[in-house]
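Novice: Dumping the structure here so I can ask a few things about it.
The values are calculated or read from the model by the stated rules, or taken from the named source; none is laboratory data. Owing to the predicted nature of the structure, the values given are computational and were not obtained by experimental measurement. Please note: Cβ atoms are built from the backbone with ideal geometry, for glycine as well, and neighbour counts cover all protein chains shown.
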Amino acid sequence: MKGPENLDSILGLFTCFAVLLQIFLKKEVETMENSKENLPVGVFDSGVGGISVLRNLHQLMPAEDFIFYGDSKNAPYGIKTTEEVKKLSFAIVERFLKKNVKAIVIACNTATSAAVDDIRVRYPELPIVGLEPAVKPAVERKKNSRVLVMATPLTLREEKFNELMKKYEKKATLIPVPAPDLVEFVEHGELSSNAVHAYLEKLLAQYKGKTDAIVLGCTHFPFIEAAVRDVMGPAPFIIDGGPGAARELQRVLISKSLLRAENHQGQVTFFNSEPGKAKIELSEALFNASKV
């Protein structure tokens, strides 16, 4: 009689163990899923310009942790070849993967144009948000408007921008304005110097009084928006893609249950490829400025 009783006891113990194991594994899965919410978001740019986007991201999602990587050592991207920008972008993505990020924002119009499609193909499970010139909202503000699109030469050469031009060419007159030197000004912390104003005067003089909207199609450019306004006057509507990118990241994180709970105070960490403290200090100053 003891044999069957012992067997029943053993089976009972196995059943209890199986139930406990199932509960444990379920909790572990839930813990892992919840912990993904707490992972940081990687944000990168060719330099410090992407901090204009980072400000939008942090303002909309203050609970999120962000890691910002500025590739100032290799700036500007806008005068490089597409393949060079792709190589640099992939290297930064690999760096972020080692930091175990839950999503990446390419806070660089040039890198987005050159590399975002290939990055998404290589890392299909990783949410990737890119930037593109905010042409749509600029065009839709007024019928038959004249819209300047200020960007880097590479952004304006890429197929993505050509597609934008074709899409809205019947609704507005889009005027590409390459402005590579503005990147260098911002990288050196010059946002409203006499040199910046002189450069903008030369670049934009022919468009004064003839422009309805200006698209800042490089993430460095919002930092010199005040100088653009000084040169062009109060009339043109000025817009950049940062707020739209922030809303898109929020949408993606919500859709994948990765948005962090609002009861957390997010942290921002800065890295830069250029040796020394100067770029980190500039990055922190740009991020913390109450109004740039």
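Novice: Return yes or no: is L126 touching a residue at least 12 places away in the same chain (Cβ under 8 Å) and either crowded, with 21+ Cβ neighbours inside 10 Å or not assigned by TED's automatic domain parsing to the domain that holds S89 (or both)?
Specialist: Values: touching a residue at least 12 places away in the same chain (Cβ under 8 Å): yes; either crowded, with 21+ Cβ neighbours inside 10 Å or not assigned by TED's automatic domain parsing to the domain that holds S89 (or both): no.
Considered against the rule, which asks whether it is touching a residue at least 12 places away in the same chain (Cβ under 8 Å) and either crowded, with 21+ Cβ neighbours inside 10 Å or not assigned by TED's automatic domain parsing to the domain that holds S89 (or both), L126 comes out as no.
Novice: Can you tell me how many residues within the stretch 97-114 are crowded, with 21+ Cβ neighbours inside 10 Å and more than 13 Å from the chain's Cα centre (by Cα)?
Specialist: 3
Novice: Does K98 fit the bill of being within 26 Å of R260 (Cβ to Cβ), modelled with pLDDT of 95 or more and in the same structural domain as F270 (by TED's automatic domain parsing)? Walk me through how you get there before you give the answer.
Specialist: Working: within 26 Å of R260 (Cβ to Cβ): yes; modelled with pLDDT of 95 or more: yes; in the same structural domain as F270 (by TED's automatic domain parsing): yes.
So K98 passes the test.
Novice: May I ask you to say which residue of V149, V139, V105, V121 is β-branched (V, I, T), farther than 25 Å from D212 by Cβ and touching a residue at least 60 places away in the same chain (Cβ under 8 Å)?
Specialist: Numbers: V149 fails: farther than 25 Å from D212 by Cβ; V139 fails: farther than 25 Å from D212 by Cβ; V121 fails: touching a residue at least 60 places away in the same chain (Cβ under 8 Å).
Only one candidate qualifies: V105.
Novice: Continuing with this model, one more query. Would the stretch 210-231 turn up any residue that is closer than 26 Å to T155 by Cα, among the charged types (D, E, K, R), touching a His at 6+ places or on another chain (Cβ under 9 Å) and not assigned by TED's automatic domain parsing to the domain that holds H58?
Specialist: If we filter the stretch 210-231 for residues that are closer than 26 Å to T155 by Cα, which is where we start, we get 210-231.
Within this subset, residues satisfying the condition of being among the charged types (D, E, K, R) are 210, 212, 225, 229-230.
Checking the rest, the ones that are also touching a His at 6+ places or on another chain (Cβ under 9 Å) come to 230.
Retained after the next criterion (residues that are not assigned by TED's automatic domain parsing to the domain that holds H58): 230.
Yes - at least one qualifying residue is present in the stretch 210-231.
Novice: Could you identify the single residue in L131, L148 that is surrounded by 22 or more Cβ atoms within 10 Å (Cβ to Cβ), of a type outside the set (F, W, Y) and more than 21 Å from the chain's Cα centre (by Cα)?
Specialist: Only one candidate passes the filter, namely L148.
Novice: Still on this structure, I have one more. Here is a list: V177, V268. Which entry is modelled with pLDDT of 95 or more, of a type outside the set (F, W, Y) and crowded, with 18+ Cβ neighbours inside 10 Å?
Specialist: Exactly one residue qualifies, and that residue is V268.
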